[in-house]
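All remarks here apply to the structure that follows.
The values are calculated or read from the model by the stated rules, or taken from the named source; none is laboratory data. In this text, all values refer to a predicted model and were calculated from it rather than measured experimentally. Don't worry about glycine lacking a Cβ; one is built from the backbone with ideal geometry, like all the others, and counts go over all protein chains shown.
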Amino acid sequence: MTNKFRYHAVAGSLMALMLAIQACNPNRPQDISTTGSQTFEPNPKVVAEKPIATLKPGDQAPDFDLPGIDGRNYTLADFDGDVLVINFTCNHCPTAQAYEERFNKLVADYSSKGVDFLAISPNSPIAVLPEELGYTDLNDDFEAMKIRAKDMDYRFPYLYDGDEHHFSTLYGPTATPHVFVFDKNRKLTYQGRIDASEKPGTGQSEDLKFAIEQTLAGSTLPADRAITPAFGCSIKWAWKNEWTIKVNEDWKKKEVTLERLTLDGLSKLLENPSDNLLLVNFWATWCGPCIVEYPEFIEIQRMYGDRDFEFASVSLDNPDSFDKALKFLKNKYSATNNYLVDNDDKYAIIDVVKNDWDGSLPLTLLIEPGGTVYERIPGTIDPLDLRRKIVDHPMMGRYY
């Protein structure tokens with residue numbers, strides 16, 4: 001697989017016409033999650049460190065050639081508005097998520113006034129740890145970008161520069177989100193934050209709106225307002241993945257243990273006396289679907305384990321299969337709370353678990369403190385849906 005963008009000619013005059021129309025007006029309202037004739041294949045890789053110098057007012061916008069999630073690639077020439085706003089952002093960052101609705105409103109308010117908007121994700125997916133995804137349901141890969149854009153109804157191109165950062169390094173974003181505003185001649189007029197209040201509802205995009213208005217009017221921004229700090233998550237450059245490798249390796253070295261659990265112990269576990277949101281997965285080594293989906297639970301534990309959340313693995317293998325269950329858990333690096341119910345009476349176990357459970361595996365319960373079952377999932381999980389249930393629970397949330 002090559003790291004270059006691979007595109008083929010678009011067949012059919014109708015498709016060609018549609019693309020031509022889109023090129024003339026890339027910011028028209030549309031569902032940009034449509035994949036169309038997508039042929040780009042992402043290939044994030046470790047690259048040598050590149051120099052980064054953040055653009056200053058008066059600098060010319062560097063050209064780019066990047067794939068969008070809508071099935072086409074974009075260059076600077078595709079945007080001919082009087083003002084161009086580029087937002088370097090991503091899927092996972094809580095600050096980026098906190099500003100999405102405000103950015104969408106600016107797009108709605110100014111797209112008809114000669115302002116073009118686009119977003120670029122500069123992050124390398126291989127430089128993002130599960131532990132950094134505690135405020136989201138998505139990582140920063142290309143497919144996840146499509147999901148986030150659809151969920152939030154993006155009405156602007158969302159471009160990917162996570163393979164080798166060919167173009168993001170020319171602009172020099174320092175965090176997500178980091179916005180850059182350019183005039184008709186594509187000279188930078190503003191770079192920095194959207195506004196100074198991260199929490200939704202506390203800011204109205206004052207800094208970015210002021211920059212857009214001044215640029216539309218042809219006025220130079222005051223020096224103290226032409227550059228502002230961009231606060232948020234650091235850019236995940238591909239050459240900064242040593243820490244990612246170390247943490248992943250350290251996780252694999254964690255001790256994996258298995259504790260025998262009595263029926264009373266199981267009852268107490270399900271009462272959830274902790275202050276955390278508790279995810280419990282019932283499984284067994286003889287259950288094929290359980291084995292296939294189990295790594296998803298370890299990913300979820302790593303994502304949310306540093307918050308008010310914990311995962312408990314409960315094996316329903318026979319008590320004399322303890323060693324077999326432990327071997328499986330070690331192979332899956334299940335460094336979490338692992339239990340095996342020390343009772344071979346499955347119907348007695350069913351009576352303890354309740355929740356209309358018929359005894360079939362797998363079974364997953366998301367339990368609030370005090371024992372209230374918030375979500376019951378008989379059968380295999382939908383990992384994305386479960387992550388959403390967790391992060392959007394009132395005890396969790398996507399923002400600081």
Per-region count, segment 223-276, residues surrounded by fewer than 13 Cβ atoms within 10 Å (Cβ to Cβ), touching a helix residue (DSSP H, G or I) at 6+ places or on another chain (Cβ under 9 Å), in a helix (DSSP H, G or I) and not aromatic (F, W, Y): 1
Which of the residues belonging to segment 265-289 are farther than 13 Å from V341 by Cβ and more than 25 Å from the chain's Cα centre (by Cα)? E271, N272, P273, S274, D275, T285, W286, C287, G288, P289
Limited to segment 52-64, what total is found for residues that are in contact with a helix residue (DSSP H, G or I) (Cβ under 7 Å, 6 or more places away or on another chain) and surrounded by fewer than 17 Cβ atoms within 10 Å (Cβ to Cβ)? 4
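Okay, residues lined up against (1) surrounded by fewer than 19 Cβ atoms within 10 Å (Cβ to Cβ); (2) without any contact (Cβ under 8 Å) to a residue 40 or more places away in the chain:
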residue: D195; (1), (2): yes, no
residue: G201; (1), (2): yes, yes
residue: L208; (1), (2): no, no
residue: E213; (1), (2): yes, yes
Count of segment 349-384 residues which are over 14 Å from C290 (Cα atoms) and assigned to a loop (DSSP other than H, G, I, E, B): 10
Please pick out the residue among S334, S321 that is assigned to a loop (DSSP other than H, G, I, E, B) and either surrounded by fewer than 19 Cβ atoms within 10 Å (Cβ to Cβ) or modelled with pLDDT of 95 or more (or both). S334
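Yes/no matrix, rows are residues, columns are (1) assigned to a loop (DSSP other than H, G, I, E, B); (2) surrounded by fewer than 21 Cβ atoms within 10 Å (Cβ to Cβ); (3) of a type in the set (S, T, Y):
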{"residue": "Y135", "(1), (2), (3)": "yes, no, yes"}
{"residue": "D140", "(1), (2), (3)": "yes, no, no"}
{"residue": "A149", "(1), (2), (3)": "no, no, no"}
{"residue": "F156", "(1), (2), (3)": "yes, no, no"}
{"residue": "L159", "(1), (2), (3)": "no, no, no"}
{"residue": "G162", "(1), (2), (3)": "yes, no, no"}
{"residue": "H165", "(1), (2), (3)": "yes, no, no"}
{"residue": "T169", "(1), (2), (3)": "no, yes, yes"}
{"residue": "V181", "(1), (2), (3)": "no, no, no"}
